[in-house]
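Q: Got a structure for you, questions after.
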Amino acid sequence: MPTSAKQVSGIAFALVAMFASSVFIPLLPEGTQVGMLLPLNSFIGFLCGWLVMGRLVGRGYYASAGVGVRTSCTVLFFALLLWSCYEMVLLSTRLRYDGPMEALTDMMSMIVDYTLLLGSDPQGPIILLVGGILSGFLAEWCAERFA
């Protein structure tokens, strides 16, 4: 059931994902195509905000900060999973892998590589952490105000 807290948390986490993605783009190697990075990561942020944060509001501001960080980590996980899976499919259509296990192993190593790349600049993790906490507070305020 749509509530105002779910809608606000979905929009807030879409914005957090968009800002974190825009900070991540300059860290990517030269010539990387980033056409759908912002819209898809924002959509992942919206879904995680709606499904994770939106259903866990109403427990107080202290708990909402923790759930906000949890939601930011969920957004990060699914964004990394999506883009490493996409890259793995592209490489597998070029017949780079000998079998499916090699493809999945390379996909997991790409997740680690992207995570290390994100961690090389402190702006991305700070945006995810602070944005998650503020989005959690905003969702909690909205749940109290419009419930």
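Q: Sort out which residues of segment 60-74 are surrounded by 20 or more Cβ atoms within 10 Å (Cβ to Cβ), within 11 Å of the chain's Cα centre (by Cα) and not small (Gly, Ala, Ser), and write them in order of number.
A: Within segment 60-74, 71, 74 meet the criteria.
Q: Turning to a different aspect of this structure: Among the residues of segment 22-40, is any under 22 Å from residue 145 (Cβ atoms) and among the polar types (S, T, N, Q)?
A: no
Q: I've got another one for you. What are the residues in segment 96-110 that are among the small types (Gly, Ala, Ser) and in a helix (DSSP H, G or I), if any?
A: Listed by number, the residues that qualify are 103, 109.
Q: Oh, and also: Restricting attention to segment 24-41, which residues are among the aliphatic types (A, V, I, L, M) and either assigned to a loop (DSSP other than H, G, I, E, B) or over 29 Å from residue 4 (Cα atoms) (or both)?
A: Of everything in segment 24-41, those that are among the aliphatic types (A, V, I, L, M) and either assigned to a loop (DSSP other than H, G, I, E, B) or over 29 Å from residue 4 (Cα atoms) (or both) turn out to be 25, 27, 28, 34, 36.
Q: Can residue 12 be described as more than 18 Å from residue 116 (Cβ to Cβ), at pLDDT below 95, crowded, with 17+ Cβ neighbours inside 10 Å and not hydroxyl-bearing (Ser, Thr, Tyr)?
A: So residue 12 does not fit the description; no.
Q: Further question on the same structure: Just need a number here: residues in segment 111-134 that are touching a Leu at 6+ places or on another chain (Cβ under 8 Å) and either exposed (fewer than 13 other Cβ atoms within 10 Å of the Cβ) or in a helix (DSSP H, G or I) (or both).
A: 10
Q: Here's a follow-up. So, in segment 2-31, of the ones that are touching a Cys at 6+ places or on another chain (Cβ under 7 Å) and not aliphatic (A, V, I, L, M), which residue ends up nearest to residue 121 (Cα to Cα)?
A: 13
Q: Follow-up question, since we're still on this one. Quick check on segment 42-55. Is at least one of its residues assigned to a helix (DSSP H, G or I), of a type outside the set (Asp, Glu) and more than 17 Å from the chain's Cα centre (by Cα)?
A: No, segment 42-55 has no match at all.
The values are calculated or read from the model by the stated rules, or taken from the named source; none is laboratory data. The structure displayed is predicted, hence computed values, not measured ones. For neighbour counting, all protein chains shown are included, and Cβ atoms are generated from backbone atoms with ideal geometry for every residue, glycine included.
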